[in-house]
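A.B. asks: Quick one: this structure, given as structure tokens, is what I'll be asking you about.
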Amino acid sequence: MSSATRLLERSPYLHEDYSSDLALFPYSAKRIAAIVILVAAALALPMVATDFIVNVVNFTLIAVIGAIGLQLLTGMAGQLSLGHAAFLGTGALVSSGLWFHFELPFWQAVPLAAVAGGLVGLLAGIPALRLRGLYLGITTLAVQAIVAVAGLKYQLYLQRRYGTGADLNVPRPNIGFFTVETVRQWYFLLAVIALVGLGFAANLARSRLGRDWVALRRREVVAESLGVNVARQKLVAFVLSGVFGGIAGALLAYYFRNVSIEDFNLQLSVEYLAMIIVGGLGSVQGTVYGAAFVTATPFVVGEAVDRLGLTKSLGANLRGIELGVFALAMMAFLLFESDGLAGVWKRLKAYFVRWPYRYTSLSRGSR
Amino acid sequence: MDLTVFVDIAKLAGIYLGMALGFVIVYRASRVLNLAQPGLIMLGAFATLTYLPKYDSGPRATPAFWLTALALVAGGAVVGLVVYVALVRPMAGESRVSIVLMTLAVLFLLEAAVEVHWRGERGFMSLPGNQVNYTIFGTHVRLFDLVPLVVGLAMWSGVAAFYKWSKAGIRIRAVAESPALAARRGINIDRIGALSWALAVAVAVVSAFTSGTQGPVSGLLVGSALKGFTVALVGGLDSIGGLLPAALIVAASEVITVRWVDQQWGEAIPFVVLLVVLMIKPWGLAGTVEELERV
Amino acid sequence: MRSWRSWSALLVVLALFAGACGGSGGSKGASSDTTAAAGKKATGEPIRVGWLTDATSVTRGTYFPEYEGAKLFFSNLNDNGGIDGRPVELLVEDMKIDPQLAVTAATKLIKERNVIMLAGGTIEGRLPPVFEVVRANGVPFLTGHSARPDMFPPKPDPLLFTAGNVFEAMSDARVKLWPKVFDKDFPNGGTSACYIHEAPAAFAVCNRWLDQQQKATPQWKPGTIAKAPLQTTDFTNYIRPVVDSKPTVFFDISIASHAIGAAVSARNLGYQGPIAFSMTATPETDINEVIKQVGGQNIYALSNVTSIDETQVPEVKKVIDMAKKYGTEIAPNSGTLNGWMMAMIIADSLKRCGAGCDRTKLRDAVEKTNIDTKGLTGGNIAYGPDDHVGKRYWTAYKYDTSKKTLVRVVKDWITFDPKTDLLAPLAK
């Protein structure tokens, strides 16, 4: 058989050897075609979309990067984290501070911000060695509060000592050979970073660490008896969560050219949590769906109200409507589709793949 | 001798006691972390702001005032029932994390509702006795400084007594210990759940009253109510008895830090206390251990 | 058969995606909020001005009245001929205090709605994201209550103008104003306490003010500075040190719910001395909340805009009448007057810009502004190539318990010139 015919006949569901079973990305001709079209669309987006849309997409991409961190920690390793904004805040302040004190450019500041985020993640993970479940989640709130105060003190110190303003400023991001100037250039930079992050997470999921996490998430005691180094894997999850959060925070600081610790509050942590729930706990592609949903909803609602001409009556209540739509969507997912948007996508795919058979899924979803 | 420290601690502890009680009531009955509680407190506060009749002067409250207050509390109980029946009950059997997230969604919905109805509004509840002052041992104390403590203690001991001695209370404790076993013994789990939620929201409304004695009503209530959550955790999420020492410890550390150490760290202190307590006693001061260390 | 299904599904998804992309670019011209009164006189092609405000978040009380004031001005203007027969259309976007919204709202107004200039804005910290968009598109931006050092002499950013203040400038002006308000009652000075909510900006608001005050007017010594975290509803703990230190005057400047909570708390704890508010942070409507709760004795307000209570000023009366005619969501206050003043600047610039006005020409026109504010503040507002702030005028009011309104206690306005009167350099 020629390799071309083999490609066309290949099915992503039929594995004929272990390597295909373990493959990161099981492919078939159709899948590759879909990917090609998707990539073409993604490349074409900045050409056809308005600045407004590209901005929203950029925010979504940054959210994806941050949400990956939370997905690894809460979705895969099962450790509830309510303080994710602390990692973002750390990354933002560290990267801005590095510019202020040492004039470190973007491409050096971001990795260092990631390291800082990882360190804070490590600290946040220490209670995880002793606490479980919801109690653990709340200690992450403590980390959040501590980072908030520490950040505040740092900003005050800068004001006292150097006479800076109330917030920190950074220049346009310089990635070594190139300075990002426009929204569209940001799009490409963010898309690359997001893709690398997603690939990393997907690969992690199928590695030994990922499998340990699954065991950890289900039954910690059982996992330990099976030989999983529970303490170590928990800490690794926290550190990685911090790393991704730190990167996202640094990106935010550079995107707005201006940052202050007060923006990284509990509300932001809850938003990230909502992202991975709506997207689907534990699913890498769910991270993207969830981040897109959470970031875009306010804008979509605003536009919808605009287009429907309801601005006069509803315009002032916009935020209330956005929150309401958000809440209702979350409730709907929790009640009807516990696997989030990723689950919805799976069902959609299954419907098309298994047509004309009605029977769409063997299990209602994992718990 | 400056008694104001004790007054402040007592007052703050009373407020925290009220806010934490709601969390514990729900958790005890169903092991569900009710993240909607701060939103319910805020809703109660705004409703109070709007519906409580304005009094003209003097410390005496009119009958209309008490009636409205009671109506608000009863309304709160109804809201709790509705939330339980519509949103929490259908989640029975789902993972605990999912149910908690459902309460989070309810919190958002409450924030949205308040946003739409009372957009950006802020103000003071018109509570009688605003200007009543006493001088105790040479310290200037307002009536309103004592109200949170008294009300908080009353609620707490009331609920504790209810749990200990009334029939419904015993049933709730049975469900708290082992829902499956209680169900097999004929206890209607649904009704217990509904009762707990109704009680929790009624408590939330009263908490809103007490917080209204201290400061203005605004959207920031959600954030401050979250500290009550911390207190519930320190005491042990399913322990009524642990609430009192927890409230005192957290309130004392916060007041002392703000006064004598550093005003900024005062915000983080309740959480730091939480961290310290949990590291020593992972299930709170008096909470029951949840995970059995066997396979 | 089955493969055909999955391929067609792919095509459907693709079509949806393409449709979404194409359809989202460019609006049908439905404006967010328009005041283009198709009245008897102004019927020409509308001039579009964009306005960024906080309609639904914690600073609504400060910024939304500015928008309403401008809206009233333009409603009135459009009913009386507009600018050379063309109505001015005010397109508003709610950016709250969110940086993402700041960027997208500004982008929408500039790129899709094609506004000729932007106005408004919310808190200082949220202006830089808007500046990015504005600079990328060459659109002049006139901010209201809040400003940034970018607008100050000697080399302001060409596109950025303000009718407001940065915290540092407010503090420095306060140093000048303070003796005029309190020297009569306290000729030997005293201590000034300060309340601000806990935030990085607190330093410029309270610390800088007290440091500079001590240097410039040594009889006024720094008192206790109190700062409560944002999520506070019970201020007792934080205000007690202030009250215990028995300050001569207590200056309370913060977001509305904090400022009123702190003031009531201070009175409840037994402080009977003067409490001074910053009118721009807590306009008359909020001060009235405090008065309702604890009475109106010894309440002061410092302001750089005439108070709405001064109804004997004809322009103030006019604004009140317009508010009655066209309606406002928030009862008119000094913020509304500030917005009206900003609209005066915009209208004057548009008029001078004339026919064929575009963004660049309008910017030049704004830079040449020198208008009579008709009693809404203490003098003219004028910009120049080296100064996009202009002189500010400050005065103070005291609550009169018998008249139940604010009454001027500083007869002549204090002038603050950003070129010369800054007591310390601004952060850059």
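Derivation of every value follows stated rules applied to the coordinates shown; laboratory data play no part. Predicted model, so just to flag it, every value in this text is computed and none were measured. Reconstructed Cβ throughout: ideal geometry from the backbone, glycine too, with neighbour counts over all protein chains shown.
A.B. asks: Once Lys and Arg get +1 and Asp and Glu get -1 on their Cβ, which of C:177, A:108, A:88 lies farthest toward the positive end of the dipole of the protein assembly as shown?
C.D. replies: A:88
A.B. asks: Further question: Quick check: pseudo-label points 7 Å beyond the Cα along Cα→Cβ at residue A:25 and residue B:168, how many nm apart are they?
C.D. replies: Inter-label distance under the simple model: 6.0 nm.
A.B. asks: Which whole-percent values make up P(r) of chain A when all C-alpha to C-alpha distances are grouped in 10 Å steps starting at zero?
C.D. replies: The calculated distribution, bin by bin, is 5, 21, 30, 26, 13, 3, 1, 0.
A.B. asks: If the reach is capped at under 24 angstrom between alpha carbons, list the lysines near residue A:30, excluding any in the same chain fewer than eight residues apart.
C.D. replies: Residue A:30 reaches A:346, A:349.
A.B. asks: Given q = 0.08, 0.16, 0.17 Å⁻¹, what are the Debye log10 I(q)/I(0) values for region B:4-218, with equal point scatterers placed on the Cα positions and solvent ignored?
C.D. replies: So the normalised log intensities work out to -0.31, -1.09, -1.19.
A.B. asks: Sticking with this structure for a sec: Tell me, what is the FRET efficiency for residue A:33 and residue A:308 to the nearest 0.05, using R0 = 35 angstrom and their Cβ-Cβ distance as r? List each step's numbers first, then the result.
C.D. replies: Numbers: r = 37 Å, r/R0 = 1.05.
Using R0 = 35 Å, I get an efficiency of 0.45.
A.B. asks: Can you list the aspartates and glutamates whose alpha carbon sits under 17 Å from that of residue C:155, skipping same-chain ones fewer than 8 residues off?
C.D. replies: C:364, C:367, C:386, C:387, C:417, C:421
A.B. asks: I need the fraction of alpha carbon pairs in region A:185-228 separated by more than 11 Å, rounded to a whole percent.
C.D. replies: Working: 642 of 946 pairs.
Cα-Cα pairs in region A:185-228 separated by more than 11 Å: 68 percent.
A.B. asks: Which ³J(HN,Hα) values in Hz, rounded to whole numbers, follow from the phi angles of region B:19-34 under the Karplus curve 6.51 cos²θ - 1.76 cosθ + 1.60, where θ = phi - 60° and Gly and Pro get x?
C.D. replies: Ordered by residue, 3J(HN,Hα) equals 5, 6, 4, x, 4, 5, 4, 5, 5, 4, 7, 9, 6, 10, 7, 8 Hz.
A.B. asks: Can you show me the helix-derived [θ] at 222 nm for chain A, built from DSSP H runs with n ≥ 4 at -39,500 (n - 2.57) apiece and divided by the number of residues, rounded to the nearest 500.
C.D. replies: Values: 16 runs with 264 residues, N = 367.
Result for chain A: -24000 deg cm²/dmol, rounded to the nearest 500.
A.B. asks: Against the longest principal axis of chain A, how steep is helix A:266-279, in degrees 0 to 90 to the nearest 10, with axes from Cα atoms?
C.D. replies: Rounded to the nearest ten degrees, it is 10.
A.B. asks: Something else now. Farthest toward the dipole's positive end in the protein assembly as shown, which of C:393, B:223, C:58, given Cβ charges of +1 (Lys, Arg) and -1 (Asp, Glu) about the Cα centre?
C.D. replies: B:223
A.B. asks: In this model, which of C:176/C:398; C:368/C:411; C:96/C:398 are farther than 26 Å apart at the alpha-carbon?
C.D. replies: Working: C:176/C:398 18 Å; C:368/C:411 29 Å; C:96/C:398 31 Å.
Pairs exceeding 26 Å: C:368/C:411; C:96/C:398.
A.B. asks: Just the number, please: percent antiparallel of the DSSP beta bridges in the protein assembly as shown, rounded to the nearest 5.
C.D. replies: Values: 23 of 57 bridges.
Around 40 percent antiparallel, to the nearest 5.
A.B. asks: Another question, then. Sorted from largest down, what three extents in whole angstroms do the Cα atoms of the protein assembly as shown have along their principal axes?
C.D. replies: Ordered largest first, the protein assembly as shown gives principal extents of 92, 76, 57 Å.
A.B. asks: Counting other Cβ atoms within 10 Å, keep those with at most 13, restrict to DSSP loop, and tell me which GluC sites (Glu not before Pro) in region A:8-109 are left. Before the final figure, lay out the partial values.
C.D. replies: Working: sites: A:9, A:16, A:103; in loops: A:16, A:103.
For GluC sites (Glu not before Pro) across region A:8-109 that sit outside H, G, I, E and B with at most 13 neighbouring Cβ atoms in 10 Å, the list reads A:16, A:103.
A.B. asks: Report, in debye and to the nearest 20, how large the dipole of chain A comes out about its Cα centre when Lys and Arg carry +1 and Asp and Glu carry -1 on their Cβ. Before the final figure, lay out the partial values.
C.D. replies: Numbers: 30 positive and 19 negative charges, 164 e Å.
That gives a dipole near 780 debye.
A.B. asks: Still on this model: Work out the FRET efficiency for residue C:313 and residue A:328 from their Cβ-Cβ distance, taking R0 = 56 Å, and round it to the nearest 0.05. Could the numbers behind the result be given before it?
C.D. replies: Values: r = 49 Å, r/R0 = 0.88.
In this case the efficiency is close to 0.70.
A.B. asks: I would also like to ask the following. Of B:136, B:37, B:157, which is farthest towards the positive pole of region B:4-218's charge dipole, taken about the Cα centre with +1 and -1 on the beta-carbons of Lys, Arg and Asp, Glu respectively?
C.D. replies: So the residue we want is B:157.
A.B. asks: Could you give the angle, 0 to 90 degrees to the nearest 10, between helix A:133-162's Cα long axis and the longest principal axis of the Cα atoms of chain A?
C.D. replies: Its long axis makes an angle of about 40 degrees.
A.B. asks: In a shell of Cβ-Cβ distance under 9 Å around residue C:166, excluding residue C:166 itself, what net charge do Lys and Arg (+1) and Asp and Glu (-1) give? Provide the component values of the computation, followed by the final result.
C.D. replies: On the way: positive: C:148; negative: C:124, C:168.
Computed value for this residue: -1.
A.B. asks: Rounded, prolate or oblate: which one fits region A:7-124, using the alpha carbon gyration tensor with axes a ≥ b ≥ c (rounded when a/c is under 1.5, else prolate when a/b beats b/c, else oblate)?
C.D. replies: oblate
A.B. asks: I'd like the FRET efficiency for residue C:321 and residue C:386, computed as 1/(1 + (r/R0)^6) with the beta carbon distance as r and R0 of 22 Å, rounded to 0.05.
C.D. replies: Details: r = 38 Å, r/R0 = 1.74.
Once rounded, the FRET efficiency stands at 0.05.
A.B. asks: Sequence neighbours fewer than 8 away in the same chain don't count; with that in mind, list the lysines whose C-alpha is under 23 Å from residue B:281.
C.D. replies: Leaving aside lysines fewer than 8 places away in the same chain, those within reach of residue B:281 are A:234, B:227.
A.B. asks: Can I ask one more? Could you tell me how many degrees, from 0 to 90 and to the nearest 10, lie between the Cα long axis of helix B:243-256 and the main elongation axis, the longest principal axis, of the Cα atoms of chain B?
C.D. replies: Approximately 40 degrees, to the nearest ten.
A.B. asks: Highest GNM mean-square fluctuation, chain A, Cα pairs closer than 10 Å: which of A:330, A:47, A:76?
C.D. replies: So, out of A:330, A:47, A:76, the one fluctuating most is A:47.
A.B. asks: Whole angstrom only: what separates the Cα centroid of region C:91-162 from the Cα centroid of region A:256-330?
C.D. replies: Measuring centre to centre over Cα atoms gives 23 Å.
A.B. asks: Need one word for chain C: rounded, prolate or oblate. Basis is the Cα gyration tensor (sqrt eigenvalues a ≥ b ≥ c); a/c below 1.5 gives rounded, then a/b vs b/c decides.
C.D. replies: Numbers: a/c = 1.94, a/b = 1.54, b/c = 1.26.
Note, shape of chain C comes out prolate.
A.B. asks: Along the Cα-to-C-beta direction of residue A:175, a point sits 7 Å from the Cα; which residues of region A:81-109 have their amide N less than 18 Å from that point?
C.D. replies: Residues passing the 18 Å test: A:105-109.
A.B. asks: How would you classify region B:144-295 from its alpha-carbon gyration tensor, with a ≥ b ≥ c the square roots of the eigenvalues: rounded for a/c under 1.5, else prolate if a/b is greater than b/c, otherwise oblate?
C.D. replies: Values: a/c = 2.39, a/b = 1.45, b/c = 1.66.
Here region B:144-295 falls in the oblate category.
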